[in-house]
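Structure first, commentary second.
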Amino acid sequence: MDKKITTYLALTLTILFWGLSFIATKIALTSFTPFVYMFFRFTLASLFFLVLMFWRGFPKLSAGDHKKLFLIGLLEPGLYFIFETFGLTYTTASKASLIIAAVPIAVLLLARIVLKEKITGKRLWGVILSIAGIMILILGDPKFSISSAGSMLGDMLIFGAVISASFYMIIARDLGQRLSSLEITSFQVFYGAILFTPFFLLNMGGMQWSQISAQAVGAVVFLAVFATILGFLFYNYALTQIPASQVAVFINGIPVVTAIGAWFILGESLTFVQMAGGLLVLVAVIVANKPQTSRQASSG
C-alpha cells in the first residue's frame, strides 16, 4: 500500500478512536475516579508493549533519546490529561473544545520555529476553516453556554493542555526521524503510566471497588487498546511521515467524531447547524492535506 494512503488511513483511525474516547471516558468515569482510570488505561497499554518488547527485543536507545521519550510521556499523556481533567472541573466542555481547537495553530507556529517547516497558504486556510467548523459545531449545540460555568483558571488549564499537545507533536516529529513509531509509542506509554502511578496511589482510597460496572471496565479496555495502543501508535507513525503542522489539522476532526458518536451511542442531539460545522471541518482537513501543485510548491 502507498505510504501516503497508509498515513492518512492511520490518521483517520486515530481520530475515530480519539473521538470515541470521550464517550468511553464518560462511561469509565461512572465507576472510576479520573486518576484511577488513567492509571489503569496506561498500565494496561504498558503491559501490552512490555510483552511486545520481550518478544521483539528491547531497542538500544541513547540517553538523549530516553530524555526526549520521557519528555513526550510527560507532555502527553502526562501534563495534557492533568491539565484537561482539572480544567474541565472549572470551565465548560464547550469552552474547552474551542480552546483545544487552537492546537493546529500552535503546532503550525512551533513547527515553523523549531522544525523549519514551511507555512503554506492552503495549510493555513485548512487550520482557519477547521477552527471555524468547530466553532459552528459547538455554537450549534442548543445547550451551549459560554458564560455560566467558565472561569479564567479553567481556561488557562485547558490552554496548558494545548501547549502540552503541541510540544509533544513537535518532539515526536523530531524523534520520528530516528526512531520507529512503535519505539516512540512504547516508551511514551511506559513513562505515562509511571507518571500516573503516584496519583493512583493517592486516589485509590476513594474508590468504591465493589460498585464498578462491567460497562466501565469495558470502556477502560477500549481506551487502553484503541485510544492508547492503536491511537498513539498510528498518530506517531503519521508524525514520522508528514509535517507536524499537517498532522495537527486532523486533531480538529475529533469533535466531529465525538458529536456523531454521542448522537448514536448516547442519544445526544445533533442539529443541522452542527452537521454543517462538522462538514466544514472535514473540508478543512482535505484542504490542508491536498497535494501541492508544482506552481504552489515553488511559490510556497
Selection from the range 66-88 of residues that are farther than 20 Å from residue 205 by Cα and either β-branched (Val, Ile, Thr) or surrounded by fewer than 13 Cβ atoms within 10 Å (Cβ to Cβ) (or both): 66, 67, 72
Out of 192, 160, 205, sole residue that is touching a Pro at 6+ places or on another chain (Cβ under 7 Å) and either surrounded by 14 or more Cβ atoms within 10 Å (Cβ to Cβ) or assigned to a helix (DSSP H, G or I) (or both): 192
Just the residues that are in contact with a Leu (Cβ under 9 Å, 6 or more places away or on another chain) and buried (at least 21 other Cβ atoms within 10 Å of the Cβ), please, taken from the range 46-65. 49
From the set of residues in the range 1-35 that are under 20 Å from residue 78 (Cα atoms), hydrophobic (A, V, I, L, M, F, W, C) and surrounded by fewer than 20 Cβ atoms within 10 Å (Cβ to Cβ), which is farthest from the chain's Cα centre (by Cα)? 29
Taking the residues in the range 257-288 that are farther than 13 Å from residue 126 by Cα and modelled with pLDDT under 75 as candidates, determine which candidate is surrounded by the fewest Cβ atoms within 10 Å (Cβ to Cβ). 267
Residue 58 versus (1) among the hydrophobic types (A, V, I, L, M, F, W, C); (2) at pLDDT below 90; (3) under 19 Å from residue 255 (Cα atoms): which is the lone unmet condition? (3)
When the range 123-152 is examined, which residues are found to be exposed (fewer than 15 other Cβ atoms within 10 Å of the Cβ), modelled with pLDDT of 70 or more and among the basic types (Lys, Arg)? none
Got a sec? Which of 78, 19, 64 is touching a helix residue (DSSP H, G or I) at 6+ places or on another chain (Cβ under 8 Å), at pLDDT 90 or above and either under 22 Å from residue 164 (Cβ atoms) or among the β-branched types (Val, Ile, Thr) (or both)? 78
When you scan the range 169-190, do you find a residue that is under 14 Å from the mean Cα position of the chain (by Cα), of a type in the set (S, T, N, Q) and within 29 Å of residue 55 (Cα to Cα), even just one? yes
Kindly indicate whether any position in the range 220-242 is at pLDDT 80 or above, surrounded by fewer than 16 Cβ atoms within 10 Å (Cβ to Cβ) and in a helix (DSSP H, G or I). yes
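The values are calculated or read from the model by the stated rules, or taken from the named source; none is laboratory data. Predicted, not measured: the structure shown is a model, and the values here were computed from it. Every residue, glycine as well, gets a Cβ built from its backbone with ideal geometry; the counts of neighbours run over all protein chains shown.
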